[in-house]
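Visitor: Here it is, the structure in full.
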Amino acid sequence: MRLSSSSKRLVYVVLCLVSLQACASLLLPKSYLLTSITDCVSLVLMISAAVAFGRNSSTSHRRQRNVWIFLSLGYAIESISQMIWMYWELVQKTMPAVSIGDSLVFLAWTSLILGFALRPHIEPTAQQRHIGTLDLVILLLAGVYLYLFLVFPWGYLAVDAPSYGLSYKFLALAEDSILLSIVALGWRNSSGTWRKFYLLLTVIIAIDTVMEYIVDTLAGAGQYFSGGWYDTTSAACLAGMTVAGVLANRLEPEAATDNVETERYLKFASRLAAPVILVLPALAAWSFLDSALPPAVLRFRVLLSLGSMVVFGYVGLQKQGRLEKELADTNRELLDASLTDMLTGVRNRRFFVNSIESDVRQVLDSFTRPGNEEVRNRDLIFYLIDIDHFKQVNDRFGHHVGDKILIEVARRINSAARLSDAVIRWGGEEFLLVSRRTDRIDAHILAKRILDSVGLLPYVIAGIENEIQVSCSLGWAAFPWMKTEPALKTHNQVLTVADYALYHAKGLGRNRAVGLLPDGGESLLYVDGIPASAITVVGPSQPREIAVAASAK
């Protein structure tokens, strides 16, 4: 990948600093000057790593931005710890057995773990973001709890340097192992530049873990001093983190949002987080059973465990609430998908079957309720709409063009309908519009609006040289059939009347709407022996043959 000029300068600076550290370690004897150079080089390299990761946050999406902020924060905290170390080593010229700098280093690496655990190379789904983040918060709180439980008492409540050092080394090793596992997993499951990014991180953290063990061993034997060969290696690792930050600049997530491996990873994090709450009472009980434990440490651990139970319980409840919400949202989405036509995006017959009984009950209740005799807008109007000569479109231009026509026709019908109306793909090129809370006296107005919306403007389809002209035929009928006897005909019988009206509209020459009512209207027809009056509305003027002049490219 090509680096920007600022990235090149940053890489050049850290490489020079590593070279300076190497030269100082090789050429200078153990001295105050060597210690000063080593500490300053480490501080600048930590700051450079914080800058390298931090500047990525300004060019990333929200999920990645959080990752870079956590990583930058980790090295910023470690820089503060290094300053404290430099104060004791260069100014006081001694090192305390217990230092707040140790707590800051633990917090810094915890921030790094959380950042890398969010996995910047993956763009998860909304559900994965919400639930997975809560699992990581639980694990983060678990790390803080273990530090306060195992390390803090021996440094501040009942000072015991050996116990403090042993507990701190245990947690530091655990953090190193967790971080190494996370980046190694990222290396295995990524590709391209992301794979190089994770490979570099894996090598750096593995080397840093080994060097931490070597330094602890040398310090225990009284042979450690700032500026040895091990500090050159540590400087190289810090420089490598800066290079990793530069390498990840402007990288986009590479995986699909439904990535199976991501699901597996988040399930693992969830299963790992679940037993944490169960560990708290066990650790508290262990403290009670330790007869040699100082009273101050015992009280602190018990109070810490009780408080942590409350905190973990609250986070667990939040997670459960989000799980239930996500489940409800998923069920709604699945239900909506099952009630939606995949091609046109309008409702399907299943929706009609599921909703029509409720609509019918409301209408019948409105017509049978005393005092509603003069109330308008109580009817349920069924409009059956069929695209004229649609077979010609498929035969001449192919089904892919026919599908696009269907999609656009559905959109135009929707634009003519009201928000309370339901547009349903009834089958093939036929649609059903169910108009709720309307009046049969005005039903022809919506019919005319549908005819104009579908047929007034031609259809422009990519890949077709000329515009395509489409019209539709429409038949409608009102439920209830008789206002004075609402239950005389079922809604299915009224639908049959609307279908007959559609058939009649086609017989009259298409591009028109015919509505059938039991009284009034222009002409008398018979539907299954039942007299009905027809109301006819003609569509916009256009050629009777569709797309006669159009041709495919």
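The values are calculated or read from the model by the stated rules, or taken from the named source; none is laboratory data. Please read all numbers here as calculations on a predicted model, not as lab measurements. No Cβ is skipped: glycine too gets one built from the backbone with ideal geometry, and neighbour counts run over all protein chains shown. To get the accessible areas, we keep the full protein, side chains included, count just its heavy atoms, and leave off ligands, DNA and RNA. Shrake-Rupley method; radii C 1.70, N 1.55, O 1.52, S 1.80 Å.
Visitor: Which of the trypsin sites (Lys or Arg not before Pro) found in the range 416-447 are loop residues per DSSP with 16 or fewer other Cβ atoms within 10 Å of their Cβ?
Guide: Arg418
Visitor: Further question on the same structure: As a test of understanding, state the convex hull volume per residue of the chain from its alpha carbons, in Å³.
Guide: Normalising the Cα hull of the chain by residue number yields 216 Å³.
Visitor: So what are the ³J(HN,Hα) numbers for the range 290-302, from phi and the Karplus equation (6.51, -1.76, 1.60; θ = phi - 60°), rounded to whole Hz, Gly and Pro as x?
Guide: 3J(HN,Hα) across the range 290-302, in whole Hz: 7, 5, 8, 6, x, x, 5, 5, 4, 4, 4, 5, 5.
Visitor: Next question. Within a Cβ distance under 14 Å of Leu107, other residues only, what is the Lys/Arg minus Asp/Glu net charge?
Guide: Net of charged neighbours comes to -3.
Visitor: Label-point separation (nm) for Leu335 and Asp365, each offset 7 Å from Cα along Cα-to-Cβ?
Guide: Label-label distance for Leu335 and Asp365, simple model: 1.8 nm.
Visitor: Spelling out what I want: for every residue of the range 456-469, take phi, set θ = phi - 60°, compute 6.51 cos²θ - 1.76 cosθ + 1.60 (Karplus), and round to whole Hz; glycine and proline get x.
Guide: Once rounded to whole Hz, the list reads 6, 9, x, 9, 9, 10, 4, x, 10, 5, 10, 6, 10, 9.
Visitor: Let me ask something else. Provide Rg and Dmax in Å for the range 59-103, with only Cα atoms included in the calculation.
Guide: Cα radius of gyration and Dmax of the range 59-103 are 15.1, 46 Å respectively.
Visitor: Next up: If you take the charge dipole of the chain about its Cα centre, with +1 on Lys and Arg Cβ and -1 on Asp and Glu Cβ, which of Leu150, Gly227, Phe106 is farthest toward its positive end?
Guide: The listed residue farthest towards the positive side: Gly227.
Visitor: Take the alpha carbon gyration tensor of the range 102-211, find the square roots of its eigenvalues, order them as a ≥ b ≥ c, and report rounded if a/c is under 1.5; if not, report prolate when a/b exceeds b/c, else oblate.
Guide: Judged from the Cα gyration tensor, the range 102-211 comes out oblate (a/c at least 1.5, b/c at or above a/b).
Visitor: Residues in the range 41-57 near a label at Met83, defined as backbone nitrogen under 20 Å from the 7 Å Cα→Cβ point?
Guide: 41-55
Visitor: Using label points projected 7 Å from each Cα along Cα→Cβ, tell me how many nm separate Val460 and Val310, to one decimal.
Guide: Result: 6.6 nm between the two label points.
Visitor: Same structure, new question: So which lysines pass the test for Lys319, namely a Cα distance under 18 Å, with those fewer than 8 places away in the same chain ruled out?
Guide: Within the straight-line limit of under 18 Å, Lys319 reaches these lysines: Lys267.
Visitor: Note down, for the range 330-461, the three equivalent ellipsoid semi-axes (square root of 5 times each alpha carbon gyration tensor eigenvalue), biggest first, whole angstrom.
Guide: Largest first, the range 330-461 gives 30, 19, 11 Å.
Visitor: Let me ask something else. For the residue pair Tyr526 and Leu166, what label-to-label distance in nm results when each label sits 7 Å from Cα along the Cα-to-beta-carbon direction?
Guide: Placing both labels 7 Å along Cα→Cβ, they lie 10.5 nm apart.
Visitor: On to the next question. Where the accessible area of the chain is counted over protein heavy atoms with a 1.4 Å probe, how much of it, in %, is carbon and sulfur?
Guide: Carbon and sulfur: 63 percent of the exposed surface of the chain.
Visitor: Next question, about the same structure. Report the FRET efficiency, 1/(1 + (r/R0)^6), for Val279 and Ser420, where r is their Cβ-Cβ distance and R0 is 51 Å, rounded to 0.05.
Guide: Plugging the Cβ-Cβ distance into 1/(1 + (r/R0)^6) gives 0.40.
Visitor: Starting from the Cα gyration tensor of the range 298-394, multiply each eigenvalue by 5, take the square root, and state the resulting semi-axes largest first in whole Å.
Guide: With the √(5λ) rule applied to the range 298-394, the semi-axes are 54, 26, 8 Å.
Visitor: Compare the Cα positions of Ile80, Leu43, Ser58 along the charge dipole of the range 1-125 (+1 at Cβ of Lys, Arg; -1 at Cβ of Asp, Glu; about the Cα centre) and return the one farthest towards the positive end.
Guide: Highest projection toward the positive end goes to Ser58.
Visitor: Roughly speaking, what is the centre-to-centre gap between the range 4-48 and the range 142-172 when only Cα atoms are used, to the nearest Å?
Guide: Centre-to-centre distance over Cα atoms comes out at 32 Å.
Visitor: Report the Cα centroid-to-centroid distance between the range 213-257 and the range 347-390 in angstrom, as an integer.
Guide: 71 Å
Visitor: I've got another one for you. Exposed loop sites here are GluC sites (Glu not before Pro) in DSSP loop states with at most 12 other C-beta atoms within 10 Å. What is the longest stretch of the chain lacking them? All intermediate terms of the calculation are to be shown ahead of the outcome.
Guide: Numbers: sites that count: Glu373, Glu374, Glu465, Glu522, Glu545.
The answer is 1-372.
Visitor: Sticking with this one: Give me the extension gain from Phe225 to Lys391: residue separation times 0.36 nm, minus the current Cα-Cα distance, reported in nm with one decimal.
Guide: 51.0 nm
Visitor: Per residue, how large is the accessible surface of the chain? Use a 1.4 angstrom probe and give square angstrom.
Guide: That works out to 49 Å² for each residue.
Visitor: Please report the antiparallel percentage of DSSP beta bridges with both residues in the chain, rounded to the nearest 5.
Guide: 85 percent
Visitor: Can you tell me the equivalent ellipsoid semi-axes for the range 1-110? Use √(5λ) from the Cα gyration tensor, largest first, whole Å.
Guide: 28, 21, 7
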